[in-house]
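Input: a single structure, listed below in structure tokens.
All of the numbers you see were taken from the coordinates with simple rules; none came from a lab. Predicted model only: the values in this text are computed from it and were never measured. Glycine also receives a Cβ, built like all others from the backbone with ideal geometry; neighbour counts cover every protein chain displayed.
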Amino acid sequence: MKMVTFILGDPTAALVPPNQCVLTEDWTSLPLESKTQVNHDTNIFTFTLPTQTSPLNLSTCACILASTTINDELVVRPYTPISTNAKLGSFDLMVKIYPDGELSQAMDALEIGETLDFKHISFNVKTQYPFEKKKIGMIVGGTGVTPMIQALHSILGTVTDTTEVNLLYGSQTQYDILAKEQIDEWAANSKGRLVVHHVLSDEPSDSAWTGKRGFVDENMIRETLPDAADLDSMIFVCGPPAMYESLCGPRTEEDVSGVLGEMGYNSDQIFKF
């Protein structure tokens, strides 16, 4: 399969404080403007904002909620835009279309001009830039890379920022790595401030892949990310439920368990997106 080139452009710090988002706590219907295929199961969906001259005004890092009604039941999912507030009149979501994903299937079925409901609530603001730590570790699985893209825009796009970032990025195969070209380019241009470690769980054994294989585990974390004893660091985690369960405990629980808990990281250091 030919991989689709993914272009975000240079890192862009377009920052706004919390509580400025044009989406409120009430559902707003927004029309689909365009859909672009990224790989075999992931698309970028662009939705039009009510005002063409204004940005989304979403703080970093934060997500928005999308909803649809299926069999008379409201289905709600969080998504983190990959576009920044430099984009006027619309925003971009990168979404994996899961076979059993009710919301992603509904989004994928939209025709251009058809609408989906969105809102933003204060609970969906995790930690805010500037993060005020010298080192940040990021553990990612699949589309869990989207909040990291948002954070990296600000970290790398701010001239005075010197934060060092290590991104441990788990995917199934090399064809499943989302935004690989762009993130690797950002790393290459970061003068060592961003280091990316790709890990593939299902890459064919006879492929030419020379990087890490398997699942993100304690050894990989020790090799690549800031130590739990380093209090001037923080770890961002975002991925499928199984990743949370294994590495840090459920996304909805503040306490840290799993591998990271056993390694001595605490809830002040771990942020679950």
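Computed about the Cα centre, the dipole magnitude for segment 135-272 is approximately 320 debye when only Lys and Arg (+1) and Asp and Glu (-1) carry charge, each at its Cβ. Using bins of 5 Å that start at zero, the share of Cα-Cα pairs per bin across segment 143-192 amounts to 4, 18, 33, 25, 12, 6, 2, 0, in whole %. In a reduced charge model with +1 at each Lys and Arg Cβ and -1 at each Asp and Glu Cβ, the chain shows a dipole moment near 740 debye about its Cα centre. In sequence order, segment 181-193 has phi-based couplings of 4, 5, 5, 5, 5, 4, 5, 4, 9, 8, 6, x, 6 Hz under the Karplus curve 6.51 cos²θ - 1.76 cosθ + 1.60, θ = phi - 60°, and Gly or Pro positions carry x. Using r as the Cβ-Cβ distance of ALA208 and TYR98, and R0 as 30 Å, what FRET efficiency do you calculate, to the nearest 0.05? Efficiency computed from Cβ-Cβ geometry: 0.55. Lysines near LYS133 by alpha-carbon distance under 24 Å, same-chain residues fewer than 8 away left out - which ones? Leaving aside lysines fewer than 8 places away in the same chain, those within reach of LYS133 are LYS191, LYS272. Applying the criteria of a DSSP loop state and at most 15 other Cβ atoms within 10 Å to the chymotrypsin sites (Phe, Trp or Tyr not before Pro) of segment 102-211 yields TRP209.
Helix 145-157 axis versus longest C-alpha principal axis of the chain: approximately 80°, rounded to the nearest ten. Centre-to-centre separation between the Cα atoms of segment 12-83 and those of segment 200-273: 27 Å.
A compact globular protein would have a Cα radius of gyration near 2.2 N^0.38 Å; the ratio found for the chain is 0.98. Magnitude of the charge dipole for segment 28-124, about its Cα centre and with charges confined to Cβ atoms of Lys, Arg (+1) and Asp, Glu (-1), is about 440 debye. Among ASN71, ASN43, ASN219, the residue with the largest mean-square fluctuation in a Gaussian network model of the chain, with springs joining Cα atoms closer than 10 Å, is ASN71. Take the Kirkwood radius over Cα pairs of segment 69-188, plug it into Stokes-Einstein at 4 °C and 1.567 mPa s, and you get 78 µm²/s for translational diffusion.
Taking 0.36 nm per residue of sequence separation and removing the Cα-Cα distance, the ASN189/ILE112 pair yields an extension gain of 24.1 nm. With the biggest extent put first, the Cα atoms of segment 135-272 measure 39, 36, 24 Å across the principal axes.
If the convex hull of the alpha-carbon atoms of segment 204-273 is projected onto planes in all directions, what is the mean projected area in square nanometres? For segment 204-273, averaging the hull's shadow over all directions gives 5.3 nm².
For the chain, a Gaussian network of Cα nodes joined below 10 Å ranks ASP92, ASP202, ASP72 by mean-square fluctuation, and the top entry is ASP72.
Taking GLY258, GLY249, GLY211 as the candidate residues, the one with maximal mean-square fluctuation in a Gaussian network model of the chain, Cα springs under 10 Å, is GLY211. Restriction of the trypsin sites (Lys or Arg not before Pro) in segment 108-203 to DSSP coil positions whose beta-carbon has at most 12 other beta-carbons within 10 angstrom yields LYS191.
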